[in-house]
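The values are calculated or read from the model by the stated rules, or taken from the named source; none is laboratory data. Please read all numbers here as calculations on a predicted model, not as lab measurements. With ideal geometry, Cβ positions are generated from the backbone for all residues, glycine too; neighbour counts draw on all protein chains shown.
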Amino acid sequence: WVKENEEKITFSSQNGYYCAVRFLTINNERIFIRFGEYNFTDFEYPCTPSYGIQIKYHKDKGESGLCICLNSTGKEMVLSDDNSLYVIARFNGTPLKIEVYYRRLDYAKAKSLRISHKR
């Protein structure tokens, strides 16, 4: 269960890798995640659900999620639409270490939170 205080999970691998993590909160709360800095060393594969990190944060978990790969500034943030969120990491021989920070937010706080990104 995701708690109110921020916690961290680390994905790391030296070889081919697949990992899926399901984050859950109690009803009427959402999940806020952010990523630490990372840089993938293998640019051979495009950023797709089958290579990179996929974040399923919509209510319909069957649809494709947000895909990120290659590098991060450590400022990427995602807020779930409901009380569950999946982070799926798939890599083909790329050495990696990715830190994901997560915590829960109640709907009242989440409504006032603005999430944006700049290029």
Condition met for K97 (of a type in the set (D, E, K, R), out of contact with any helix residue (DSSP H, G or I) (no Cβ under 7 Å at 6 or more places or on another chain), at pLDDT 75 or above and assigned to a strand (DSSP E or B)): yes
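In segment 13-50, which residue that is among the acidic types (D, E) and farther than 17 Å from Y102 by Cα is modelled with the highest pLDDT? Give the derivation first.
Kept after step one, since they are among the acidic types (D, E), are these residues of segment 13-50: 29, 37, 42, 44.
Of the ones still in play, those that are also farther than 17 Å from Y102 by Cα are 42, 44.
Working: D42: 56, E44: 63.
It comes out as E44.
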Residue within segment 66-74 that is at pLDDT 90 or above and crowded, with 16+ Cβ neighbours inside 10 Å present: no
